[in-house]
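Visitor: I have a structure here, written as structure tokens, and I will follow up with some questions on it.
The values are calculated or read from the model by the stated rules, or taken from the named source; none is laboratory data. In this text, all values refer to a predicted model and were calculated from it rather than measured experimentally. Ligands, DNA and RNA are excluded from the accessible area calculation, which covers all protein heavy atoms including side chains. Shrake-Rupley method; radii C 1.70, N 1.55, O 1.52, S 1.80 Å.
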Amino acid sequence: PLGGGAGALRRSKNSSTKSQQQDATPFPTLYWLCCPKLSRAIAGLERQGYVRILQQRIDSNPIFVRNMYLAHELYGEERWNALSAH
């Protein structure tokens with residue numbers, strides 16, 4: 001979606017009053033975690049440093065690095081296709 005979808009607003013850098021305006025920049029997220037219980041559980045893991053831990057695991061293994069790169073490429077392609085006219 002454009003502008004963050006769901007009516008997301010961003011502050012305008014050009015406004016002297018810093019009023020909020022719709023931003024037409026494509027928002028990068030296609031998938032959202034909607035289950036409150038699962039969302040809280042993942043937030044707890046993030047607070048415990050698991051993002052850093054998992055990044056270190058990925059960085060320590062060339063196969064993991066390559067798989068993560070490919071996953072990002074596929075996700076980017078999927079996002080681009082979602083924004084393109086069909």
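Visitor: Can you tell me how much longer the chain between residue 55 and residue 71 gets when fully stretched, taken as 0.36 nm per residue apart minus their C-alpha distance, in nm with one decimal?
Guide: Gain on extension, residue 55 to residue 71, equals 4.3 nm.
Visitor: Can you give the accessible area of residue 57, probe radius 1.4 Å, in Å² rounded to 10?
Guide: Estimated to the nearest 10 Å², residue 57 gives 150 Å².
Visitor: Please report, for the Cα atoms of region 44-86, the Rg to one decimal and the Dmax as a whole number; what are they, in angstrom?
Guide: In order Rg, Dmax, the Cα atoms of region 44-86 give 14.3, 43 Å.
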